[in-house]
Each structure stands twice: as structure tokens, then as C-alpha cells.
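Below is one structure, written out as C-alpha cells; the observations come after it.
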Amino acid sequence: MGRRREVFVRQVSMAEGQRLQKITRTARDPVKLRRAIVVLMSAQGQPAPDIAHLLTVTDDYVRDVIHAFNERGFDALSPKWSGGAPRRIDEQTRDWICVIARCDPRFLGQPFSCWSLAKLRDYLIAAGYVTTISVETVRRVLHERGVTWQATKTWKASTDPDFTSKMRRILDLYAPADGRVLCVDEFGPLNLQPRPGRAWRPVAHPVRLRATYTRDQGVRHMIAALDLATGKLHYRIRDRKRWREFLAFLKTLRARWPDQKLYLILDNFSPHKHPEVRAWCAANRVDLVFLPTYASWLNWIEAEFAAVRYFALNGTDHRTHAEQDAALGDYIRWRNQRARPKTGFATGSKIRHPDYPLKAA
């Protein structure tokens, strides 16, 4: 076979050359940019194979662009996008796919408790919703309509008969009060053990922690208070968390703010209700505000504890309590330097609706 006759673009005027150069500098569409470069290089005398090699395209692509430009001019540079193939699955069928995916398969006579994509595909075909469909299409239909694969979560209802009144009082205290509001709780137990976590690492090179360990140095506990007026955490770490340790911590809070009434929001842990603690609080202008049962989510300090665990403990392997205590102290000091007053608890949440009926966390 003989060599293919070389193809070049028609003669380009000075104005057309300037317009092509402008497109190569300013075009945002990569297709239009590549076509303009093909035409400009051909106008400069570059043969099609050389252009194809430099742009990593085929010779036929270069020749098609040159022919199109010769016939239609600059209109040939702009891509004409088509709408693609028409959908074979109508909108109503897509809705049914999502409805079935959210159903328990056992309600539809299937012998399993959850769908896999393959099982869902097979059921759709067997039940006559579609004649044929791929697993990937099922996945895309669910994704487009916001149906995702999620872990099952639990909830717990409060058994407290005074749930609503207790919740209302706490929400009222989260607004400006006539004293200082502190959210108090215990954090722990603080064991010495490798803790799983996450870190930025090269692919396939995670941080490695020992899998075997002994806990022969006992445990410690943190007693902490979140000051809503400043957003700062105040804490003590102790070997035990009896009423004696708790009362000693309350005395440090009283000494910190000697002239203000203190409102302490806390759970129903027995040391918090010890007669000695109650008597001291009554004599020292400290008001104990107890959470409803199974409603720890109402205590603002819980979110702060989650951050302490994530940033100070996860991914660590402290070998002594002194080392672990120092790590906790370093993080809390760093956090307190950047603390801001705590305002707007559950703003816009359904729990603030006057007719909120639920008692579930």
C-alpha cells in the first residue's frame, strides 16, 4: 500500500491566525483548545503524524479536525455534545427501586435481612419491575436519589417521668442565667493501652501499634467542668471517682468563682447525689441540676469529651499514666487558649419545640 496523502489546513488569514492564538491562550474547554492547537500547528506546516504524536492523539483525529475546519471554519472547534443514549428505566421504576431497597427483604418474602446489590437486582427482575438491569445501574440509581449503605444505629428512650421538665430547665440554663453554668462529668476510665486512630500516611503504610499489652498500672479518671461563659474546660485527674474526689473538685470550682452562684449540670451518677455532696452544695450556693435518665446527650460537655478523645488519645500508646496525663493536659491547655463562650445549644432542633414528645437520645 502507498503512503497516505498528507492533509493540511487551508490557508489561514492573519486575522484567523490571531484568533486561533487567542483561543489557545484563553479557551477553558479542553476539546476546543486541543482542536485549535491542531489547526494552528497544521497552518504552520506540521504534518498530521507529528501533530498526533505531540498531542497524544490518533492521526485520524488530526485529519478529521483539519477537514472539519476546512469545511466549517471556527464552528468546527466548538464541541457539539449529544444527550447520550435515552434512559431505559423510567422515573417511576427508579422510584420503586429506591422504595424496595429501603424495605426489609423479609417483608417481600425473601429469606435474608438486608439487600446486597446483586440480590436487589435479582429481585427486581424476578418481580417484573425491570426486564434486565445491571448491578452498577442499581447502584447509580440509589446514589442519584440519596439512598446509601448505612450502619444500623440504636436509640434509647428515657424512662424518667419528669423528662420534659428536666430538659426544659437545662435548655433554659443554656441561655444566659443569673449565675455561672457549668457542665460537669467524668471522663474515662483512662487505661494504658494502644488506642486505634487515624493519621495521614502514604498509601498502604499505616501507623502500627502493638497488639499485645498488659494493663498492670491501674486506671485513672478525669473529672471535668465546661464553663459556658468562657468555653474553657477545668479538670482534675484522680485515681478514683468517689464522692470524696467529686466534692474536692467542686470546692476548686467554688474557689475559682467565690461570688457567683453555680449551676452544675450533671448526670445521675451516685457520687453526685451523695448526702455529703448535697449538703455542701446547699450551704455554698451550688445548685445541682440533674439530667433526665438516659439523656447524657443534653450535657454539653459530652461533645467536648469526644474532641478530647479524638485529638489527645486516639492513635496513641502511652506507657505511663504520667505520660498520658501530660498529653491530656497539653491538649486541654491548647484548647482553652482558643476557647469561646458556648452559646446556641441545639438551635433549631426539634427538642426546642413546645410539643416535643420524644424521650430518645
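Summary table below
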read-out: Percent carbon-and-sulfur accessible area, the range 183-341, ignoring ligands, DNA and RNA, probe 1.4 Å; value: 51 percent
read-out: Neighbour-limited loop hits for trypsin sites (Lys or Arg not before Pro), the range 20-128 (at most 13 other Cβ within 10 Å; DSSP other than H, G, I, E, B); value: R28, K80, R87, R88
read-out: Positive-end residue, the chain charge dipole about Cα centroid, Cβ charges, pick of G128, L266, G73; value: L266
read-out: Size descriptor, Kirkwood hydrodynamic radius, that averages inverse alpha-carbon separations across the range 202-265, Å; value: 15.2 Å
read-out: The range 171-227: trypsin sites (Lys or Arg not before Pro) in DSSP loop, at most 11 other beta carbons within 10 Å; value: R198, R208, R210, R215
read-out: Within a Gaussian network of the chain (alpha carbon springs, distance under 10 Å), most fluctuating of D90, D60, D172; value: D60
read-out: Among A127, A282, A76, residue whose mean-square fluctuation peaks in a GNM of the chain (springs only between Cα atoms under 10 Å); value: A76
read-out: Near-label residues of the range 88-117 by backbone N, under 19 Å of a point 7 Å along Cα→Cβ of T152; value: 100-117
read-out: Exposed-loop-free span, longest in the chain, where chymotrypsin sites (Phe, Trp or Tyr not before Pro) count as exposed if DSSP calls them loop and at most 10 other C-beta atoms lie within 10 Å; value: 201-361
read-out: Overall form of the range 153-197 per C-alpha gyration tensor (a/c, 1.5; a/b vs b/c); value: oblate
read-out: Dimensionless Rg ratio for the range 42-141, taking C-alpha atoms and the 2.2 N^0.38 Å reference; value: 1.93
read-out: Given K153/K232; K251/K273; K261/K342; K156/K241; K166/K342; K232/K261, the pairs whose alpha carbons are separated by over 24 Å; value: K153/K232; K156/K241
read-out: ³J(HN,Hα) computed for each position of the range 261-271 - Karplus, 6.51 cos²θ - 1.76 cosθ + 1.60, integer Hz, glycine/proline x; value: 6, 10, 10, 10, 8, 8, 8, 9, 4, 4, x
read-out: Accessible area per residue, Å², the range 37-193 with all protein chains present, probe 1.4 Å; value: 61 Å²
read-out: Selected from N299, N284, Y331, residue furthest toward positive end of dipole (the range 243-355; charges at beta carbon); value: N284
read-out: When the range 113-206 is reduced to its Cα atoms, the Kirkwood hydrodynamic radius in Å; value: 20.4 Å
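The values are calculated or read from the model by the stated rules, or taken from the named source; none is laboratory data. Model, not experiment: these values are computed from the prediction. Every residue, glycine among them, receives a Cβ derived from its backbone with ideal geometry; neighbour counts consider all protein chains shown. To get the accessible areas, we keep the full protein, side chains included, count just its heavy atoms, and leave off ligands, DNA and RNA. Shrake-Rupley method; radii C 1.70, N 1.55, O 1.52, S 1.80 Å.
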